[in-house]
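Beneath this line is the structure, given in structure tokens, with notes to follow.
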Amino acid sequence: MRRLVTLVTLIASGAILWSAVPTVLPSTGTEGEAVSVESVPGTLVVDFVDDADVEDIEDLGNRLGIELHWTHEVSIDERLMRAEVDDLAEAIAKLAGHPLVEVVEPAIQLSALGFPNDPLYDAQWNMRMVGAEPGWRAGGGGGVVVAVIDTGVSEVEDLPASRILEGATFVPGTSDARDDHGHGTHVAGTIAQATHNGVGVTGVAPQATILRYKALARQGFGSSDWVAAAIDDAVDRGADVINMSLGGGHSEVVHKAATAAADAGVVVVAAVGNTGQQGVQCPGHVEAVVGVASVGPDDDRAWYSTYGNGVDLAAPGGDLRQDGGGVLQDTIDGSGGHAYRAFQGTSMATPHVAGAAAVLVGMGVDALAVVDTLQRTAAGHVSTPDPERGYGRLDLRAAVAHVLLRQRGLLFLLGGVLAGALGWTARLRAGALVTIAAAGALSAGGLFVLPFVPGLPPHPVLDLLSRGIVAWPAALVGAEWVHFPLWISALLPASLAFALGPSRTLGPAIAGLCVGWGTALLHGAASGTLDPWWLGLGLDKIWLSLNGTICLLGAMAVVGMQKLRGREEAG
Amino acid sequence: MKLTGTLRRQFFGGEVWVLEADGGASWQLKGPVPRKLEGQRVTVSGRKAEAGFGFAMVGEVIEVDGVAKA
């Protein structure tokens, strides 16, 4: 009876966890979170009175020998400035008490619990609108390659060269795919800008790698064959996602290349246009391409966003007619430096979707399911695409929750219930029963709710722990290694069962691991999410089913050993 | 070809010159445009660009030969 109560409690706990997860998802934003601070020597923040004359402020700086700069273009109205000074105490003493100065203090850098600590994140209403935070904790698109076909992409302060791969340039007179305009770098930043690094702004999939292409010249124009060639090359180089924040009249070569890319398992995303009128542009209108429309900060269709057939999703593209309504990113400034610039357009909306796709691909979702998930989980989802918003507005928070619950959460529950049932049938003692059930649940589905813990900074260990063990190679060595046949086999769990199964201390945990492993393999066979290398023609499912069954038999053997040991000890 | 409408300056990842043509269509102007005519009714002469792709996406593209006040 006691065992039954334990088991029922376990299953009920699993069910409660399952049903409770959506209700414990954190609200967006970082308001109210505790922050720890540290001084940044030499940097001063000065908040002048709001009606101070800009010339008076400049005169004051010149008189005191302090070179003042606007913190950001959106801070001009607030008269908020910063300065690098040699002696903080001296500079503060000079400014404090001046009638133009409201506040003067050393700049502080948010860290630890202040998440994310990118100082301009507050101006990124777009990241909060799409719910980027859980995606950062769910791997952030690690191991995923996103091709950006644009004016090129350049490394800037907040998008390091280590995140950029060289693709190709198709523009005569250029030797590589560096950006000479600023549009492409801005777009790439929305996808993969370094996040929680104490610098600038954030991106949707900060662990993704950008594969850069230059198919638009400095003046912003390109030819259809350049775009088509870039698509083909991106597929050949193994891109998982292609972002095209560009458009034009219908082109058969672009249509063909984009369709072929989607058929090859690449998520292809394109802008629908900025005409403010009906008639989605090419390649956004291609059926296999996710056409992205734009909303402003109010979540309404942006005034310029093109509408009609071919709009699949809406995402924040900004509206410069509203205060602070642009999409802010780091980009080149045209004179060898960089600047944080607010842009608007469906060009800006599109990379939000590409970044979201990268996050899901990094979580182990294939291209077709990525598109389906993004559409199904969109805010204001409709079953028939709306001409202005498609299936709805991108909601990455909901998409990540969907994947976590439907895949890892389901595995957690199945692994826990199967392992618990095995332990209960074998009449294991309460402690061992809890151990086997917990090991079964965790090894199958991992601590899948971790990405939704508020304020938790993203970390590779966090990503690892949120996955079932079978999915660990994706976080450690690359997504493709999850499908290595010897990994998705009974080899490791059976070896552990053979070596450690008789142990009274470790035996129940090993039995749970075997159940969890077997559950993951059988689920992979049934759902098609596991695809062992070299095995086709149905052999893949046979391999997974056979090995999954061996895992479960191994667990039964371990439990049998535990019973025998128990009897021996009792006798 | 010649088109008449209102000349607008817009920003989509950079400055873009747009002709809001009589009849409702928008055209992107490629080539030199006199800034002083912004907001005014103008006649644009030029030719339609072939299979032009771009990031502005405000409409079909005209290679501008000249812009004159209408």
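No value in this document is a laboratory result; all are computed from the given coordinates. What you are looking at is a predicted structure, and each value in this text was computed from that prediction instead of being measured. Positions of Cβ are generated from backbone atoms using ideal geometry, with glycine treated the same way; all protein chains shown enter the neighbour counts.
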Please state the shape class of segment A:430-550: rounded when a/c is under 1.5, otherwise prolate if a/b exceeds b/c and oblate if not, all from the C-alpha gyration tensor.
oblate
Just order A:445-454, A:491-500 by mean Cβ neighbour count inside 10 Å, highest at the front, would you?
A:445-454, A:491-500
If R₀ is 45 angstrom, what is the calculated FRET efficiency for the pair residue B:50 and residue A:382, using the beta carbon separation as r and rounding to 0.05?
0.75
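For chain A, list the DSSP H helices whose alpha carbon atoms reach 27 Å or more along the long axis and whose average Kyte-Doolittle value is 1.0 or above? Show your work: numbers first, answer last.
Working: long enough: A:507-527 (30 Å, 1.07); A:539-570 (46 Å, 0.42).
Membrane-span-like by this rule: A:507-527.
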Please compute the modelled spin-label separation between residue B:35 and residue A:96, points set 7 Å along Cα→Cβ, answer in nm with one decimal.
4.5
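May I ask you to sort A:346, A:331 by Cβ crowding, counting other Cβ atoms within 10 Å and putting the fewest first?
Values: A:346 34, A:331 27.
Ascending Cβ contact count within 10 Å gives the list A:331, A:346.
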Sorted by Cβ density within 10 Å, fewest first, the residues A:164, A:191, A:332, A:76
A:76, A:164, A:332, A:191
Reference-scaled alpha-carbon Rg (2.2 N^0.38 Å with N residues) for the protein assembly as shown:
1.11
How much FRET efficiency would the formula 1/(1 + (r/R0)^6) give for residue A:546 and residue A:366, where r is the Cβ-Cβ distance and R0 is 22 Å, rounded to 0.05?
0.40
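With Cβ to Cβ distances under 15 Å as the rule, what net charge do the other residues near residue A:528 carry (K, R +1; D, E -1)? Don't skip to the answer; put the middle values down first.
On the way: positive: A:406, A:541; negative: A:366, A:372, A:531, A:540.
Charge balance in the 15 Å sphere: -2.
Give me the number: length gained by fully extending residue A:569 to residue A:103, i.e. 0.36 nm times residue separation minus the C-alpha to C-alpha distance, one decimal in nm. Kindly include the intermediate steps, with their values, before the conclusion.
On the way: separation 466, 0.36 × 466 = 167.76 nm, distance 7.41 nm.
Gain on extension, residue A:569 to residue A:103, equals 160.3 nm.
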Residues with amide H under 5 Å of residue A:295's amide H, sequence separation 5 or more or different chain, H placed in the peptide plane at 1.01 Å from N; which?
A:302, A:315, A:317, A:318
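Assigning unit charges at the beta carbon (Lys, Arg +1; Asp, Glu -1) and nothing else, what dipole magnitude in debye, to the nearest 20, does the protein assembly as shown show about its Cα centre?
Working: 42 positive and 67 negative charges, 700 e Å.
Dipole of the protein assembly as shown, to the nearest 20 debye: 3360 debye.
Can you give the average number of partner chain beta-carbon atoms within 10 Å of each beta-carbon in peptide A:121-128, as a whole number? Show your work: numbers first, answer last.
Numbers: counts 0, 0, 0, 0, 0, 0, 0, 0.
Across A:121-128, the average partner-chain Cβ count within 10 Å equals 0.
Per residue of B:56-64, what is the mean number of Cβ atoms on other protein chains within 10 angstrom of that residue's Cβ? Provide the component values of the computation, followed by the final result.
On the way: counts 11, 18, 9, 9, 4, 4, 0, 1, 0.
Per residue, the average neighbour count from other chains is 6.
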Calculate, for residue A:477 and residue A:298, the FRET efficiency according to 1/(1 + (r/R0)^6) with r their C-beta to C-beta distance and R0 51 Å; round to the nearest 0.05.
0.70
Inter-label distance for residue A:84 and residue A:553, nm, one decimal - labels placed 7 Å from Cα along Cα-to-Cβ:
6.9
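What average number of partner chain Cβ atoms lie no more than 10 Å from the Cβ of the residues making up A:271-280?
Numbers: counts 3, 1, 5, 12, 10, 5, 5, 0, 2, 1.
Average neighbour count from other chains, rounded to a whole number: 4.
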Starting with the highest mean, order A:168-177, A:480-489, A:433-442 by the number of other Cβ atoms within 10 Å, averaged over the residues of each peptide.
A:433-442, A:480-489, A:168-177
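Fully extended, how many nm does the chain gain between residue A:219 and residue A:322 (0.36 nm per residue separation, minus their Cα-Cα distance)? Can you show the working numbers first?
Details: separation 103, 0.36 × 103 = 37.08 nm, distance 2.66 nm.
Difference between extended and current length: 34.4 nm.
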Please give the contour-minus-distance gain from residue A:503 to residue A:465: 0.36 nm per residue of separation, less the Cα-Cα distance, rounded to one decimal in nm.
11.2 nm
Considering lysine pairs in the protein assembly as shown that are 8 or more places apart or on different chains, how many have Cα atoms under 22 Å apart?
10
Shape category assigned to segment A:218-339 from the gyration tensor of Cα positions, a/c cut at 1.5
oblate
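Listing A:383, A:251 from the residue with the fewest other Cβ atoms within 10 Å to the one with the most, what is the order? Before the final figure, lay out each step's value.
Details: A:383 7, A:251 21.
In increasing order of surrounding Cβ atoms, one gets A:383, A:251.
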Whole-Å distance linking the alpha carbon centroid of segment A:380-423 with that of segment A:193-212 is 25
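Would segment A:296-454 count as rounded, prolate or oblate if I go by the C-alpha gyration tensor, calling it rounded below 1.5 in a/c and otherwise prolate when a/b exceeds b/c, oblate otherwise? Intermediate results must be reported in sequence, preceding the final value.
Working: a/c = 3.67, a/b = 2.30, b/c = 1.60.
Prolate shape, in that a/c is at least 1.5 and a/b is the bigger ratio.
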Residue (of A:203, A:264, A:354) at the positive-pole extreme of chain A, dipole from beta-carbon charges
A:264
With the crude spin-label approximation of a point 7 Å out along Cα→Cβ, what separation in nm comes out for residue A:70 versus residue B:8?
2.5
